[in-house]
Structures are given as C-alpha cells and as structure tokens.
Amino acid sequence: MYTAYCRTFQKSMRLGMKFLNWRTPELLEGENSLLKLPELMQELQLERALIVTDEGIQKTGLLQPLLAQLEALQISYVIYDKTVPNPTFTNVEEALSLYQSQKCQAIIAFGGGSPMDCAKAVAARIARPEKSITDMKGLFKVRKEMPPFFAVPTTAGTGSEGTIAAVVSNSETHEKFAIMDPSLVPHYAVLDPLLTVNLPKHITSTTGMDALTHAVEAYIGLSNTKETRKYSREAVIIIFKYLYRAYEDGTDMEARAQMQRASYLAGLAFTRAYVGYVHAIAHTLGGFYQIPHGYANAVILPHVLRYYGDSVAKPLAELANLVGIGKISDSDERKAQLFIEAIEQLNAKMAIPNKIQGIDNHDVPLMVERALQEANPLYPVPKIVNKDEMFYLYQLIKQ
C-alpha cells in the first residue's frame, strides 16, 4: 500500500513537472570568464551586490580579480563570508540583513555548495519576506522571482549553479532540508576553470564524487526525461575520464574545465529527475555531524546501489557500457556489479573510505525518520524502502 502511494505521488509529480517553466542559467565559460561578470552586471544596470562566500575563499584571494573589476566599473559590493559547511539558518538571516541594510540589487554566490545554498536561501527570503526558511521547506514554496543571481562555483561537484535547490541546516534541531523551487535557478553562471586550480585534493575528490552521485541517482530514478538521461550519461562519461586526472594534477586545465561541465550537467539532470536515498542519508549526516556532503555521498553511493540489487541492473549496465566497464557478453547484473566496484575503486584511489566514522547509534532512529521524510514519497527511487530497511542501510555505512 505504502509503495503504491509513493508511486502514485511520483507519477503525478512527473506529469506536473512538464508544465513548469524550466529555465537554465546563461553561461559565462572558459578561462578568465569571471572577469566578464562585472561587465554583464553593468549592462544590466546593477550598482550594488551582495557577495556570499566563506572565510576559506576569502583567504585564498580568489575573489580579488572580481572585486578589482567591480571597483573599476564602480559597482559597489558588500561581502558576507561567514558561511559554514552545511549553511545554517543563522547564516541566511545574517546575509539577508546585510543585503537589506546595504540596499543591494543583486546576489553573487561565490564558492562551493555551501555559499551557493546560503545565497539561494537568502534569495528565497528576499522573494518571500513573509515566509520563514522553515515555511519554504520542500517543493514550490517560493514561486516568486528572486533578485538577479550570479553563481560562481569554485568547486566542481554541487551543480548548484543550475539547480532549483537550496539546502540549509537548523543548528538547533540538526535538521537539514532543501528548499526546491524553479525560481531558485540562478540567472547566470560563471564556469571558470581557473577558480578550481588550487583546490585541495580532498575537495577535488569529494566534490567530483558528489557530481557522480547526482548523475547516477538521477539516471536510475523513475522520473527521467530524454534530456535528463542525456545530461546524466554525459556527466558520467566525463567524470570517469577526468576526475582522477584533476585529482592527480590540479593544474590540468582540460580536466578542471571538463569537471566543471560534468558538475553542471549532473545538476541539470537531478534538478528535473531528482536524487534518492544516498542524498537523503547524506543530508542527515550533514545535519547531525557536519559531515561534508560530497564526502558523505561518495561513501554512501556504492552501498545504496548494491542494496537496490536487480532494480538498478539495467541502468547501471548502460552506464557501465558508456565508460567501458565489463565485457559485451556480461549480463546486466554483472555489469552493474562491476560499475559499483569501479566507483569503490575510484574512491579508494582518492583516499575516500568505505565507511562513515562517528555515527552514534542513539541518533540513528531519528536520522532514519528524517531520511524517509525527505525521500518518501518525493524521490522516484528504483526501490522504495521502509523504516527497517533504512535502518539497515545506516548499519551498512557506519564504521
């Protein structure tokens, strides 16, 4: 009965999504494309912007070329750099206050997934000032246009520059959830590979695996479209070819640019086709223990795929064929198994473990409940799990 309810809900969502106005951001791509952003803002007659980033980005000096160009064109800015991994309600409200007090007209999200999520949540609050962050939890609670929004990713993984989602955390309750609305898709995105050149190896690896998780979960789900399948396939091919190259040599500009593209494509895929239990579990780990999202996804992905069993054999076999895993004569089940093993091998090569340390057994029942609340009935996963099965998945991933 429960499975039937979930599938009926998902079917109705698939039908409804066809009638939504899906925009994609206008892209500025290539080396030094960041420097084109101030000129674009000038053309749009924007005079003052809020830049949302974090302290780590500030210390690297990555912002300086952008700031110098903004100043040269007499575009004022104010910087909010207190964003933490898994951005909190406090981050959002502080940045919102800065936007309002400085009478800003636009938002520049500069950084990895956390500044992106924080900035999008700020934009949602600006669009719907009468609603709290919690009021906008879930789907279609914004439904109003946000201010001009420029996404500048400095990692290659979240794909947030092309998605409808902003993920935030309540530091008091340890709940982590998504605000999802088509109006939160950025208007413009800058894909400048120079911004990712000096990423630490562990950030390159975990954000890259985050992108792979987006592409795979979107591809094996039941709400795919012709477009999302295309995006997922291309992203998987690129990641298997270029992620380890980017990890081994951070100055490999071709690998860096390709991983930015893969991240963007995977974001386009999952924003329409959704994710699955890997993300639902990862969000609870971020909320409870501040475990970085990409790291959590990387560890969890093989466990969940293996648990799905025959329900994902065909799509995983298709992905295996695309990246040259297995023999032509192998069965779908064998190819799927080899594809999962290839993910585990890629993790191992990049020093990503196969278990999560520090999960407290006392927290698991509440995390199980929250993961199921997030995933069911919304996520069109290949196999619906119940509370006992979700509990078992947590036991699989914990050290």
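Largest accessible area first, the residues Glu47, Glu254 order themselves as Glu47, Glu254 under a 1.4 Å probe with ligands, DNA and RNA left out. For the range 184-280, rounded, prolate or oblate, judged on the Cα gyration tensor with a ≥ b ≥ c (square roots of eigenvalues), a/c < 1.5 rounded, else prolate if a/b > b/c? Taking the square roots of the gyration eigenvalues as a ≥ b ≥ c, the range 184-280 is prolate. In a DSSP loop and with at most 12 other Cβ atoms within 10 Å, the GluC sites (Glu not before Pro) in the range 103-165 are Glu130, Glu145.
Out of all DSSP beta bridges in the chain, what portion is antiparallel? Express it as a percent rounded to 5.
The answer is about 25 percent antiparallel.
In straight-distance terms, cross-link reach from Lys327 covers every one of the aspartates and glutamates whose alpha-carbon lies under 18 Å from its own, apart from those fewer than eight places away in the same chain; here that gives Glu318, Glu341. The helix-only estimate of mean residue ellipticity at 222 nm for the chain, built from DSSP H runs of length n ≥ 4 each weighted as -39500 (n - 2.57), is -17000 deg cm²/dmol after division by the residue total.
Pair-distance distribution of the range 1-123: all C-alpha pairs, bin width 10 Å, starting at 0; shares per bin in whole percent are 12, 34, 28, 14, 9, 2, 0.
How high is the relative contact order of the chain? Use alpha-carbon pairs under 8 Å, at least six apart in sequence, and give a whole percent.
In percent, rounded to a whole number, it is 16.
In the structure shown, the pairs Lys120/Lys144; Lys120/Lys241; Lys82/Lys176 are assessed against 20 Å; a Cα-Cα span above that value is assigned to Lys120/Lys241.
Here the range 266-338 exposes an accessible surface that is 54 percent carbon and sulfur, computed with a 1.4 Å probe and the other protein chains kept in place.
Listed by chain and number, the aspartates and glutamates whose C-alpha is less than 14 Å from the C-alpha of Lys398, apart from same-chain residues fewer than 8 away, are Asp360, Asp363. In the range 1-111, the DSSP beta bridges split such that about 10 percent are antiparallel, to the nearest 5.
Note on the range 46-111: Cα-only Rg and Dmax are 11.7, 34 Å. Among Asn361, Asn198, Asn86, determine the one that fluctuates most according to a GNM of the chain built with springs between C-alpha atoms less than 10 Å apart. Maximum fluctuation in the GNM of the chain, among the listed residues, is at Asn361. Solvent-accessible surface of the chain, averaged per residue with a 1.4 angstrom probe and all protein chains in place: 41 square angstrom. Using only the C-alpha atoms, the convex hull of the range 69-217 corresponds to 122 Å³ per residue. Leaving out ligands, DNA and RNA, what percent of the accessible area of the range 1-75 is carbon and sulfur, probe 1.4 Å? On the range 1-75, the fraction of accessible area on carbon and sulfur atoms equals 52 percent.
Consider the candidate values (i) 24.6; (ii) 19.7; (iii) 18.3; state which one is mean projected area of the Cα convex hull in nm² computed from the structure displayed. After the calculation, the listed value that fits is (iii).
According to the Kirkwood relation over distinct C-alpha pairs, the hydrodynamic radius of the range 206-342 is 15.0 Å.
One Cα centroid belongs to the range 187-242, the other to the range 46-80; the line between them spans 26 Å.
The values are calculated or read from the model by the stated rules, or taken from the named source; none is laboratory data. This is a predicted model, so every value here is computed, not measured. Cβ coordinates were reconstructed from backbone atoms using ideal geometry, including for glycine residues, and neighbour counts include every protein chain displayed. The protein model used for the area step is the full one, side chains on, heavy atoms only, and it has no ligands, DNA or RNA in it. Shrake-Rupley method; radii C 1.70, N 1.55, O 1.52, S 1.80 Å.
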